[in-house]
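**Student:** Structure in structure tokens, see below.
The values are calculated or read from the model by the stated rules, or taken from the named source; none is laboratory data. All values derive from a computational prediction rather than experimental measurement. Cβ: placed from backbone, ideal geometry, glycine included. Neighbour counts: every protein chain shown. Surface areas here come from the heavy atoms of the whole protein model, side chains and all, with no ligands, DNA or RNA. Shrake-Rupley method; radii C 1.70, N 1.55, O 1.52, S 1.80 Å.
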Amino acid sequence: MAAVLFIAFIALILLRVPVSMAIGAAVLLAFATSEFSDALYIVPQQILEGVNKPSLAAVPFFIMAGNLMNVVGMTDRIFNFANALVGHFKAGLAQVNVLSSMIFAGVSGAAVADCAGLGTIEIKAMKERGYKAEFAAAVTVCSAVVGPIIPPSIGLVVYAFLAQQSIERMFLAGVIPGLIVGLSLMTFNRILAIRHNFPTQERAGHREVLSTGIDGVLALVAPGIILGSILGGIVTATEAGVLACLYCLVLGVVYRSLTWARLWKALTDTMLMTSVIMIIIGFSIAMGWLLAIEQVPQKLGDAIFALTESRAVFLALMIVFVLLIGCVVEGVPAKLMLVPMLLPVIDSFGVDRVHFGIVLQLALLIGIATPPMGIGLYIMVEVGKVPFEKVTMAVIPFLVPLIVVLILITYVPALTLWLPDLVLGPDTAVIFN
């Protein structure tokens, strides 16, 4: 069953079948060709049980928050403030691109929202100032990797649900790695600026920095309000998502940029994206049940132990494997497919589940910018009006700093675990399988 499942799934993905339909079709085919062919009612049961979890209620609200940010004009204010701060540096707008993504990440936590929202503004501004369109697109898609690492994050909510971990701990674990990713991209931009004659702009005066900061201050404090309310025990992660949506609605009224048409667009985009994610989660839970019946996790663990008993070698094999998966499968479905299989293995090697979650998140996020299936590349083709092959060639050098940071975070767990242990205390819970 497992062989049929994986072969069918990969084949459908390569045929460009939408991921949600590819997972469902692969699961149904695996069931239909197995000894459970007369018990297909198990599939809808598993789907309904899979999505009927309170912890998943946070997902649509954070998606909605990101969409509201785009329609009420918060992205423009974030971009203008970041431009006033670092726009005068060499490769200034490339640095603005990364800094804007880091700020935007504090509310949306979705790479797609970053690419589609900030990307439209950033690529247009960079092209107008003389940057090549493919370079602008490459910087934009790679900086979007920051979004789902810095809290709040839809991907980390899904992982916390799958790995039975605290959402608060996962959010805190993503702060330092997210900042490191952003700083690595800004450093790489600076290195490129030495070799290339990028356009420059005048340093913004103190008055301009102050005015753009005041104009966008309400948007800038949103991450602190959301994360602070969760860590302070005032709200749950789901309630924080509701708070983020309400806050964005209030800002739309304050800025006088919220209209019924824009609100309707945000709602419809949210419903479409949430529906796709929930369909994927439902089918993936059925997939996980099938893999458990086939004892795939146990067999995978035995196979890896046969190769090596070294934790360092296992981590190296794992990140290569996940990077390859990330090239063809988008983050949420890949996570739903991999986590049930890999958790018993990482437990046997003594890898912390929170640490593993951040490594997995970053490795899969790099996939959105990796040919041939990276969803971020296709968004950039549409947003930036750049040929796919040019975006692909321009993005390859930016994968170097991202992979270097991935290796660093993989082999230095303290970068991930120090902050959650400091704020919440060491995690002494024992997971029994």
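**Student:** List the trypsin sites (Lys or Arg not before Pro) in the stretch 171-252 that DSSP assigns to loop (not H, G, I, E or B) and whose Cβ has at most 10 other Cβ atoms within 10 Å. Which are they?
**Tutor:** none
**Student:** Highest mean first, how do 364-371, 307-314 rank when packing is the count of other Cβ atoms within 10 Å averaged over residues?
**Tutor:** The densest-packed peptide leads the list: 364-371, 307-314.
**Student:** Points 7 angstrom from Cα along the Cβ direction at ILE293 and LEU179: gap in nanometres?
**Tutor:** Roughly 4.8 nm, to one decimal.
**Student:** If you don't mind, another one. When the helices in the chain are scored as -39500 (n - 2.57) per DSSP H run of 4 or longer and the sum is shared across all residues, what 222 nm value do you end up with, to the nearest 500 deg cm²/dmol?
**Tutor:** Roughly -24500 deg cm²/dmol at 222 nm, from the helical runs in the chain.
**Student:** What relative contact order, as a whole-number percentage, does the chain give when Cα pairs under 8 Å and 6 or more residues apart are counted?
**Tutor:** Value for the chain: 24 percent.
**Student:** Provide the solvent-accessible area of TYR378, counting protein heavy atoms only and rolling a 1.4 Å probe, rounded to the nearest 10 Å².
**Tutor:** Ignoring ligands and nucleic acids, TYR378 comes out at about 80 Å².
**Student:** Rounded to the nearest whole Å², what accessible area per residue is found for the chain with the 1.4 Å probe?
**Tutor:** Averaged over the residues of the chain, the accessible area is 42 Å².
**Student:** Could you work out how much longer the chain between SER275 and VAL17 gets when fully extended? Use 0.36 nm per residue separation minus the Cα distance between them, nm to one decimal.
**Tutor:** 91.2 nm
**Student:** Next question. Place the peptides 259-265, 338-344 in order of packing, highest mean first, counting for every residue the other Cβ atoms within 10 Å and averaging per peptide.
**Tutor:** Most protected by this proxy first, the peptides run 338-344, 259-265.
**Student:** To continue, here is another question. Could you work out how much longer the chain between ILE214 and ILE194 gets when fully extended? Use 0.36 nm per residue separation minus the Cα distance between them, nm to one decimal.
**Tutor:** That pair, ILE214 and ILE194, stretches by 3.9 nm at full extension.
**Student:** Sticking with this one: I'd like the Karplus ³J(HN,Hα) series for the stretch 177-192: coefficients 6.51, -1.76, 1.60, θ = phi - 60°, whole numbers in Hz, and an x wherever there's a Gly or Pro.
**Tutor:** Ordered by residue, 3J(HN,Hα) equals x, x, 5, 5, 4, x, 5, 5, 5, 5, 5, 5, 4, 5, 5, 4 Hz.
**Student:** Taking 7 Å along the Cα-to-C-beta vector as the label spot, tell me the ARG129-TRP418 distance in nanometres, rounded to one decimal.
**Tutor:** 3.2
**Student:** Counting only protein heavy atoms and using a 1.4 Å probe, what share of the accessible area of the chain belongs to carbon plus sulfur, as a whole percent?
**Tutor:** Accessible surface attributable to carbon and sulfur in the chain totals 68 percent.
**Student:** Still on this structure, please answer the following. Between helix 260-293 and the chain, what is the angle of the helix's C-alpha long axis to the longest principal axis, kept within 0 to 90° and rounded to the nearest 10?
**Tutor:** It is inclined by approximately 30 degrees.
**Student:** Go ahead and run the numbers for FRET between TRP260 and TYR41, Cβ-Cβ distance against an R0 of 41 Å, rounding to 0.05.
**Tutor:** Once rounded, the FRET efficiency stands at 0.45.
**Student:** Related question: What's the center-to-center distance, using Cα atoms, between the stretch 377-414 and the stretch 1-22 in Å?
**Tutor:** 25
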